[in-house]
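Trainee: Next up is a structure, given as structure tokens.
The values are calculated or read from the model by the stated rules, or taken from the named source; none is laboratory data. Not measured: the values here are computed from a predicted model. Because the Cβ atoms are built from the backbone with ideal geometry, glycine has one as well, and the counts that use them run over all protein chains shown.
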């Protein structure tokens with residue numbers, strides 16, 4: 001077991017937060033602190049490092065309870081603004097997924113895979129305080145005789161609404177290019193032929209899981225910024241895959257860890273949950289997420305000081321490798337290069353376009369820093385850590 005000169009616990013850091021004595025900095029600020037003072041002094045000085053990311057996160061959705069009513073209904077089919085929701089849970093419990101599109105979307109008739117509106121937009125509209133048309137059908141039973149139900153609903157009037165995202169906060173992701181002769185339409189956006197552009201979707205040095213690459217402080221019960229409110233990590237996200245190639249600083253070189261997260265939808269803000277449409281792919285939900293990283297020792301200080309120059313994404317040809325399920329890297333590019341707007345690939349300059357918002361990632365890290373500094377947000381101690389192997 002590693003021996004460290006600095007040893008703190010989450011309980012000790014929380015006591016400092018309660019007393020207004022905790023030193024909290026963003027991941028970008030931590031880079032300069034470690035460079036100037038070294039890992040040990042930085043670990044002694046800093047208690048918490050805040051992170052942030054804001055990007056489409058397709059594996060997102062919400063559990064909603066829209067009852068009770070009289071006579072009662074055991075819904076078998078439910079639509080919200082004509083977007084199908086899953087009703088096979090209980091009488092009036094449903095789950096609406098971010099990527100579910102409206103039925104008979106007019107845009108889809110013009111361009112296959114194009115949808116103007118979907119589950120992510122429903123969630124965004126509810127959080128924005130808009131009314132949404134709920135329509136339910138049932139087969140009718142003795143105890144649930146109602147067969148049809150329709151009304152306008154608002155988030156504040158719903159019995160229960162929980163954002164529950166099975167896979168968020170990807171630890172690194174591909175840089176997508178298209179080496180074919182035709183334009184292709186993907187969840188990574190429109191990719192022009194002959195690698196005329198490259199799209200990526202990670203906030204680099206601010207990205208939560210880049211700042212704790214081996215998940216030493218993350219797991220069931222970790223409290224985080226989610227959609228503008230406080231949420232929690234509940235389990236490893238679907239497709240959590242820590243067994244990938246890693247750089248000497250332990251950061252992954254391919255897509256790796258993911259988070260399953262939950263939070264009270266009624267506490268969230270429309271700025272941090274936004275329905276989006278991706279041409280030729282479908283609908284999604286842009287999610288604001290930020291994780292506080294406790295600085296327990298000098299290793300955590302080093303991890304949270306990782307810079308864009310030290311972080312690398314895999315370049316993947318989405319016209320060939322990805323549809324076949326291989327996703328084989330054909331190159332590596334640093335996030336410093338990506339965030340500069342272009343990089344050299346195959347002997348020429350390629351324009352790099354982010355699907356994630358770096359300004360909003362910075363804003364999330366600052367908000368989280370403020371919450372913790374003012375004693376409004378305590379660190380959640382993991383009861384079960386994310387698998388690291």
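Trainee: Here are some residues: 247, 256. Which one is touching a residue at least 40 places away in the same chain (Cβ under 8 Å), touching a helix residue (DSSP H, G or I) at 6+ places or on another chain (Cβ under 9 Å) and surrounded by 17 or more Cβ atoms within 10 Å (Cβ to Cβ)?
Mentor: Result: 256 is the single residue among 247, 256 that is touching a residue at least 40 places away in the same chain (Cβ under 8 Å), touching a helix residue (DSSP H, G or I) at 6+ places or on another chain (Cβ under 9 Å) and surrounded by 17 or more Cβ atoms within 10 Å (Cβ to Cβ).
Trainee: Tally the residues that are farther than 15 Å from residue 280 by Cα and either under 26 Å from the mean Cα position of the chain (by Cα) or at pLDDT 95 or above (or both), restricting the search to region 104-122. Walk me through how you get there before you give the answer.
Mentor: First pass over region 104-122, keeping only residues farther than 15 Å from residue 280 by Cα: 104, 119-122.
When the remaining residues are screened for being either under 26 Å from the mean Cα position of the chain (by Cα) or at pLDDT 95 or above (or both), the result is 119-122.
Selection size over region 104-122: 4.
Table: residues versus (1) over 22 Å from residue 235 (Cβ atoms); (2) modelled with pLDDT under 95; (3) under 25 Å from the mean Cα position of the chain (by Cα).
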{"site": "148", "(1), (2), (3)": "yes, no, no"}
{"site": "154", "(1), (2), (3)": "yes, no, yes"}
{"site": "165", "(1), (2), (3)": "no, no, yes"}
{"site": "175", "(1), (2), (3)": "yes, no, yes"}
{"site": "202", "(1), (2), (3)": "no, no, yes"}
{"site": "206", "(1), (2), (3)": "yes, no, yes"}
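Trainee: Please find, within region 4-41, the residue that is farthest from residue 218 (Cα to Cα) out of those that are part of a helix (DSSP H, G or I) and in contact with a strand residue (DSSP E or B) (Cβ under 6 Å, 6 or more places away or on another chain).
Mentor: 30
Trainee: Among the strands (runs of 3 or more DSSP E) lying completely within region 48-95, list those that include at least 2 residues that are more than 30 Å from residue 217 (Cβ to Cβ) and without any contact (Cβ under 8 Å) to a residue 40 or more places away in the chain.
Mentor: Here the list reads 83-85.
Trainee: Then there is this: Can you pull out every residue in region 64-84 that is closer than 19 Å to residue 156 by Cβ and in contact with a strand residue (DSSP E or B) (Cβ under 9 Å, 6 or more places away or on another chain)?
Mentor: Passing the criteria: 64, 65, 66, 67, 69, 80, 81.
Trainee: Sticking with this structure for a sec: Name the residue, out of 68, 84, that is surrounded by fewer than 22 Cβ atoms within 10 Å (Cβ to Cβ) and within 15 Å of residue 122 (Cβ to Cβ).
Mentor: 84
Trainee: Counting only residues that are surrounded by fewer than 18 Cβ atoms within 10 Å (Cβ to Cβ), more than 22 Å from residue 58 (Cα to Cα) and in contact (Cβ under 8 Å) with a residue 24 or more places away in the chain, how many does region 349-362 have?
Mentor: Total meeting the criteria: 1.
Trainee: Would you mind telling me which numbered condition in (1) within 15 Å of the chain's Cα centre (by Cα); (2) buried (at least 20 other Cβ atoms within 10 Å of the Cβ) residue 232 fails?
Mentor: Here residue 232 meets the rest and fails (2).
Trainee: Of the residues 261, 291, 276, which single one is in contact (Cβ under 8 Å) with a residue 60 or more places away in the chain, surrounded by 24 or more Cβ atoms within 10 Å (Cβ to Cβ) and touching a helix residue (DSSP H, G or I) at 6+ places or on another chain (Cβ under 9 Å)? Step through it out loud before you land on a result.
Mentor: Working: 261 fails: touching a helix residue (DSSP H, G or I) at 6+ places or on another chain (Cβ under 9 Å); 276 fails: surrounded by 24 or more Cβ atoms within 10 Å (Cβ to Cβ).
Result: 291 is the single residue among 261, 291, 276 that is in contact (Cβ under 8 Å) with a residue 60 or more places away in the chain, surrounded by 24 or more Cβ atoms within 10 Å (Cβ to Cβ) and touching a helix residue (DSSP H, G or I) at 6+ places or on another chain (Cβ under 9 Å).
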